[in-house]
Amino acid sequence: MSEIAWAAGLFEGEGYLSLSGGVRPYAGLNMTDEDVVRRFHEVIGVGSVTGPHHGAKKPRWTWRTTSYATFIVFADLVSGHLGIRRSARLAELLDFKPARPRREPGFHCSQPVTASGAGYAMHRYRGEAPCARCLASSALYAKGLRARNR
């Protein structure tokens with residue numbers, strides 16, 4: 001079984017998709033099983049795990065995307081494995097455009113090619129086609145994730 005397919009199935013049952021402050025889409029997952037949340041984080045390769053959080057009968061751990069770039073990477077990894085309802089919500093959040101982007105256009109485009117999906121994510125955020133430099137950086141980042149998940 002593919003590790004990404006396992007993670008997508010877990011997200012389908014335990015995860016959520018939302019907007020942070022009405023301006024940034026994010027994905028999250030809450031569970032009482034720390035080992036499962038940490039394995040999910042290892043497979044996905046982005047975001048962060050926090051916990052234990054108390055307040056219910058059992059402590060729980062949370063995984064969340066930490067930026068728009070990590071949300072895009074997560075979406076690209078699991079999009080082909082989700083059900084109809086979650087796929088529709090994911091598409092809705094990927095198309096979401098806030099009234100005002102945070103950074104000036106071209107900020108990431110002037111950076112050297114590194115293993116990062118940030119520039120690619122910013123292009124998608126603005127509804128632009130990614131430039132060659134940002135596309136190359138994103139490809140390096142994805143290649144590293146795939147190699148690590150094997």
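The values are calculated or read from the model by the stated rules, or taken from the named source; none is laboratory data. Since the model is a prediction, treat every value here as computed from it, not as a measurement. Reconstructed Cβ throughout: ideal geometry from the backbone, glycine too, with neighbour counts over all protein chains shown.
Worth pointing out:
- Once the stretch 29-58 is narrowed to residues that are assigned to a loop (DSSP other than H, G, I, E, B), of a type outside the set (A, V, I, L, M, F, W, C) and surrounded by fewer than 12 Cβ atoms within 10 Å (Cβ to Cβ), the residue that is modelled with the highest pLDDT is K58.
- Residues that are touching a strand residue (DSSP E or B) at 6+ places or on another chain (Cβ under 8 Å), surrounded by fewer than 14 Cβ atoms within 10 Å (Cβ to Cβ) and among the aliphatic types (A, V, I, L, M), drawn from the stretch 1-28: L19
- All positions within the stretch 59-76 that are in a strand (DSSP E or B) and surrounded by 23 or more Cβ atoms within 10 Å (Cβ to Cβ): W63
- Looking at R124, R133, just one residue is at pLDDT 70 or above, outside the structural domain of R39 (by TED's automatic domain parsing), surrounded by 15 or more Cβ atoms within 10 Å (Cβ to Cβ) and touching a Gly at 6+ places or on another chain (Cβ under 8 Å), and that residue is R133.
Residue by residue, here is whether (1) in contact with a Gly (Cβ under 8 Å, 6 or more places away or on another chain); (2) closer than 23 Å to R89 by Cβ holds:
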{"residue": "W6", "(1), (2)": "no, yes"}
{"residue": "L10", "(1), (2)": "no, yes"}
{"residue": "L29", "(1), (2)": "yes, yes"}
{"residue": "D33", "(1), (2)": "no, no"}
{"residue": "I44", "(1), (2)": "no, yes"}
{"residue": "S48", "(1), (2)": "no, yes"}
{"residue": "K57", "(1), (2)": "no, no"}
{"residue": "S67", "(1), (2)": "no, yes"}
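- Residue count for the stretch 77-102 under the criterion of being of a type in the set (A, V, I, L, M, F, W, C), part of a loop (DSSP other than H, G, I, E, B) and exposed (fewer than 11 other Cβ atoms within 10 Å of the Cβ): the result is 1.
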